[in-house]
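The values are calculated or read from the model by the stated rules, or taken from the named source; none is laboratory data. As the structure is a computational prediction, the values presented were derived from the model and not from experiment. Note that each Cβ is placed from the backbone with ideal geometry, even for glycine, and that neighbours are counted across all protein chains shown. In case anyone asks, the SASA skips ligands and DNA or RNA and just uses the protein heavy atoms, side chains included. Shrake-Rupley method; radii C 1.70, N 1.55, O 1.52, S 1.80 Å.
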Amino acid sequence: TRIADDFVPLDLGLINKVCLEGFYRNAGANCGGTVPDKFTVTVYEDSNALPGVLVGTSQTTIFAVGGDGNLFTHQLALTTPIGPIVNDGRTYWLEVSNNTVDINGADDGCDYFWLGAAFGQGNNYAMQDRGGGYGPEDAVAPPSGSPDMHWCINLRSQAPPEPLRPCCQTRNRVEPRL
């Protein structure tokens, strides 16, 4: 399942770092830390409140992982920066996926779940592609689910909500701890 969250950048530049939180489950049981991560970050321009034209996509390297063994915080460095992102009031969509597979590339049953933001933070709107590309039927808004995802990037933006964990040192900005 692909999930995308919208944002309006306040800075002009390239996205080269992303921080997010999530957890892992296999049939309801915690399987975090048992599988290799393979995060992909994709950015789209907005098209009538849907992810539209592809701005760019990148594989990532993980430069920091934290958490309590149940909830994980990932600081990701993009292998290819995405952009340019312009700050002229337009909306973009950030999509993050994690293809957790075993060392042979087979589905290991351990799925990654991107943490949703608290209700009332952000603009209460995200998309969950249920197959076939993003469409109006894919909107995730209260009360059906978490209205926004929890993340930050190296550019300031009007969304998402205030970060909860240390990897987002200031509002919507990744401060890498290398």
Across region 1-23, the tally of residues that are in a strand (DSSP E or B) and polar (S, T, N, Q) stands at 1
Scanning region 48-101 for residues that are of a type in the set (Ser, Thr, Tyr), open to solvent by 60 Å² or more (accessible area, probe 1.4 Å) and over 23 Å from Phe113 (Cα atoms) gives Thr80
Exactly one of (1) at pLDDT 75 or above; (2) under 16 Å from the mean Cα position of the chain (by Cα); (3) under 28 Å from Leu10 (Cβ atoms); (4) open to solvent by 40 Å² or more (accessible area, probe 1.4 Å) is unmet by Asp111. Its number? (3)
